[in-house]
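A.B. asks: A single structure is presented below for examination.
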Amino acid sequence: MDVLHFIFGIFGNLTAMFLFLSPVITFRRIIRSKSTEDFSGVPYISTMLNCLLSAWYGLPFVSPHNLLVTTINATGAAIESIYVVIFLIYAPKKLKAKMMGLLLLALSVFSAIALISLFALHGKKRKVFCGFAATIFSICMYASPLAIMRLVIRTKSVEFMPFFLSLFVFLCGTSWFIFGLLGHDPFVAVPNGFGCGLGAIQLILYAIYRNNKGDRGGKIKEGSITKGFVDGDSIELGFPNKAPPQQQKQEQANVKDKQARILIPINDSV
């Protein structure tokens, strides 16, 4: 039993690392363009807070036999912190002020929970208090792709729901869910069981709509959820982002070129 517990913990570390590193492409784009464009920094701050709380929960004096929970979440907190710093460097002044406020709020929440659990609570009460806090934020993190799933159902297209990201959400949730069951720890099993279920739903949606093109290339109604998700837009963690300005200009030029080719024969016939 202890061997299986350790194996699923290692597997959970590997799959979670993939999820933490998935935004690297986004931040390469931000650094190259020296702009955060329309990307949102909220997911990185919320994920960082979740990692800090989960890492704290996994410490031996809070919950025994959960050191693997601490190792991956401490690593995740460090990675997310780098993302947040990069975002703050390239964000415009107004957005930077807002993000700094959210960052201070997140750090204040973590500090308050850590200090209360350290000095005011002991034994099982400490574990329950930290466990509930970590569980709430873990469920919020897993729930972030719900916007993408809604988009897939509305457009009948999986274009904005990458297969491997969905797969690793499922594998990560499953491995930590089993880890929690084997360790008889509901604060690990419950939120990751939720993540396992959401990952499974994403994979089912992918299997249903993988061959569909949805509304892309078709007529987009004003006010439709699909408006803003075409012509090169991308989605990360449920937040839509516009294509880079250069790509938008190129696409506009392509459209004008196509229109010109259509109009030339018409003018000639007239």
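The values are calculated or read from the model by the stated rules, or taken from the named source; none is laboratory data. It should be emphasised that the depicted structure is a prediction, and the values quoted were computed from it without experimental measurement. Cβ atoms come from the backbone with ideal geometry, glycine included; neighbour counts cover every protein chain shown.
A.B. asks: In the stretch 30-43, how many residues are in a loop (DSSP other than H, G, I, E, B) and out of contact with any Ser or Thr (no Cβ under 9 Å at 6 or more places or on another chain)?
C.D. replies: Selection size over the stretch 30-43: 7.
A.B. asks: Would you pick out the residues in the stretch 44-82 that are of a type outside the set (G, A, S) and not in a helix (DSSP H, G or I)?
C.D. replies: Result: L59, P60, F61, V62, P64, H65, N66.
A.B. asks: Looking only at helices (runs of 4 or more DSSP H) that lie completely in the stretch 126-213, which have at least 3 residues being under 16 Å from L19 (Cβ atoms)?
C.D. replies: Output list reads 163-182, 186-209.
A.B. asks: Could I ask something else about it? Within the stretch 110-125, how many residues turn out to be surrounded by 14 or more Cβ atoms within 10 Å (Cβ to Cβ) and either assigned to a helix (DSSP H, G or I) or of a type in the set (D, E) (or both)? First the steps, then the outcome.
C.D. replies: First, the residues of the stretch 110-125 that are surrounded by 14 or more Cβ atoms within 10 Å (Cβ to Cβ): 110, 113-114, 116-118, 121.
Now drop any that are not either assigned to a helix (DSSP H, G or I) or of a type in the set (D, E) (or both), which leaves 110, 113-114, 116-118.
Total satisfying the criteria: 6.
A.B. asks: In the stretch 19-43, which residues are aromatic (F, W, Y) and modelled with pLDDT under 90? Give the derivation first.
C.D. replies: Of all residues in the stretch 19-43, those aromatic (F, W, Y) come to 20, 27, 39.
F39, the sole residue that qualifies.
A.B. asks: Look through S81, S63 and report the one residue that is surrounded by 22 or more Cβ atoms within 10 Å (Cβ to Cβ), hydroxyl-bearing (S, T, Y) and under 22 Å from C130 (Cβ atoms).
C.D. replies: Residue meeting the stated conditions: S63.
A.B. asks: Being hydrophobic (A, V, I, L, M, F, W, C) and farther than 16 Å from T15 by Cα is the filter here, so list the residues in the stretch 151-188 that pass it.
C.D. replies: Answer for the stretch 151-188, where residues must be hydrophobic (A, V, I, L, M, F, W, C) and farther than 16 Å from T15 by Cα: L151, V152, I153, V158, F160, M161, L181, L182, F187.
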